[in-house]
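All of the numbers you see were taken from the coordinates with simple rules; none came from a lab. Quantities reported herein were computed from a predicted structural model and do not represent experimental measurements. For neighbour counting, all protein chains shown are included, and Cβ atoms are generated from backbone atoms with ideal geometry for every residue, glycine included.
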């Protein structure tokens, strides 16, 4: 029983991480039609930003500030990459994909050059290094933090989509971008804003990755990206709620299969993707919220 | 010339090329400052492309001017924000959004005129919370028109608003357009000759990417032979 509880909790933690990465990716893809391969670097930018700040300010409060700082770093990197590199290429999707792939490679190389390719130990506050006994299972505390942050972000994203003007533009734009422009709305501004939001969430996820894995490296973000892309495809492009459901499925499946099916978690996730694509080619939902 | 007699919109030598095929081969016409100018022609002659080129949805060359100022090549959203209301073919309402959200999204000013829109289409008020994707074709067309009519416009571009609608709904849409045209000039792409007969002050006929006839709408429809030659249909009274 305790194994079941532990696997469920860690699966939910992993799902939370996937959701944070995938939700931004999904909004960017759904609205701007950009499959942003540099999204992984934004995670790493956030984790290095958070790591740098925790080195300056220690303790629990320091880590909270570091998470915010990581999110800001990710948001800035996401915004700048959209304005400088991606925006000039909206009518050229192939070049756009190449630019994001190039940015991903260059971003990892830059982090590598600045801080080295080796993993760096992430200084975690004491509470996050410990575990909590839950029905006999010793669940790492960082799992609870991940789940809590993901739930808050999910609620905020759904509220933004439901009740703000930007949310309205995003939901409409995912359906028909050209028609949003034909109503007199500068949809490109919304593109930039979703890159900012996506970058902030990726940066936040980066800071959390540091605490989750205990260390960070330049390629950590890009290695997580593949699962985030799978989550986006399963959940439906542009759907935040779909990303949440898909992240749950992927995180739990991966954790359980890694334990019960001799580390077959990754293969099972790819198999799940194949099944969803066969049964529902547009993902679980075709909607934004 | 009296300023009131100068056209609001001037289109000259408008050309659109899609992958080596010339869709528009130098379209030239004018839209006066009042009333409805109908654009007619058989399927595929370039009516929709003309509107889309004007509104910046497809790249084009030539000259498109409103009040003497060139608008060609400007981004779509700035043209619409400047008062060119565009109701595209097939309505293109946002199916996942409610009726109220579709309208809220379309608001271009702080004081949108919902009164006029709801007077014309009271049904939209009753269905404010309904998802637009679940509306009938006629209701979606009303919503598409209302999205434009809640805003101040200098010119309306309306593409086949009666396409695929039941005769009763066609009547409502035609009436709404007639009333809208009392306040703002309209360029209307339309295939339904009965609707054109009721609405069009001026008519422009396109064939193979060129304008082949221009003049008062009544003149076009009065001559059955001309209508048949240009449009490939009869314009008898029975064609309502």
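Note on chain B: helix-only mean residue ellipticity at 222 nm, from DSSP H runs of 4+ residues weighted -39500 (n - 2.57) and normalised by residue number, equals -9500 deg cm²/dmol.
Rounded to the nearest 10 degrees, the angle from helix B:167-181 to the longest Cα principal axis of chain B is 80 degrees.
At a 10 angstrom cut-off on C-beta neighbours, averaged per residue, how do the peptides A:47-60, A:216-229, A:131-144 rank from highest to lowest? Each step should come with its number before you reach the end.
Numbers: A:47-60: 19.3, A:216-229: 21.9, A:131-144: 15.9.
For the peptides A:47-60, A:216-229, A:131-144, the packing ranking is A:216-229, A:47-60, A:131-144.
Of the peptides A:231-239, A:191-199, B:156-164, B:95-103, the ranking by mean beta-carbon count within 10 Å, highest at the top, reads A:231-239, A:191-199, B:156-164, B:95-103. Look at where the Cα atoms of region B:21-62 and of region A:5-34 average out, and the two centres are 46 Å apart. Peptide A:172-180 has a mean of 5 when you count, residue by residue, the C-beta atoms of other protein chains within 10 Å of its C-beta. Placing pseudo-labels 7 Å out from each Cα toward the beta carbon at residue A:176 and residue A:280 gives an inter-label distance of 2.4 nm. With Cα atoms as the point set, the protein assembly as shown shows a radius of gyration and Dmax of 28.2, 92 Å. Compute the distance from the alpha-carbon center of region A:85-115 to that of region A:38-74, in whole Å. The distance from the Cα centre of region A:85-115 to that of region A:38-74 comes to 22 Å. Helix A:141-163 and the long axis of chain A differ in direction by around 20°, with both axes built from C-alpha atoms.
Which of the three applies to region A:20-221, rounded, prolate or oblate, going by the alpha-carbon gyration tensor with a ≥ b ≥ c and a/c under 1.5 meaning rounded? Mind showing how you got there, number by number?
Numbers: a/c = 2.53, a/b = 1.51, b/c = 1.67.
Since a/c reaches 1.5 but b/c is at least a/b, the shape of region A:20-221 is classed as oblate.
Distance between the pseudo-spin-label points of residue A:61 and residue B:212 (7 Å out from Cα toward the beta carbon): 8.1 nm. Of the beta bridges DSSP finds with both residues in the protein assembly as shown, what % are antiparallel, to the nearest 5? Here the antiparallel bridges make up roughly 65 percent for the protein assembly as shown. Other chains near B:102-115: what is the mean number of their Cβ atoms within 10 Å of each residue's Cβ? Partner Cβ neighbours, averaged per residue: 2. Once you reduce region A:217-257 and region B:105-119 to the center of their Cα atoms, the two points are 41 Å from each other.
Between residue B:30 and residue A:226, the FRET efficiency from the beta-carbon distance, with R0 = 51 Å, is close to 0.35.
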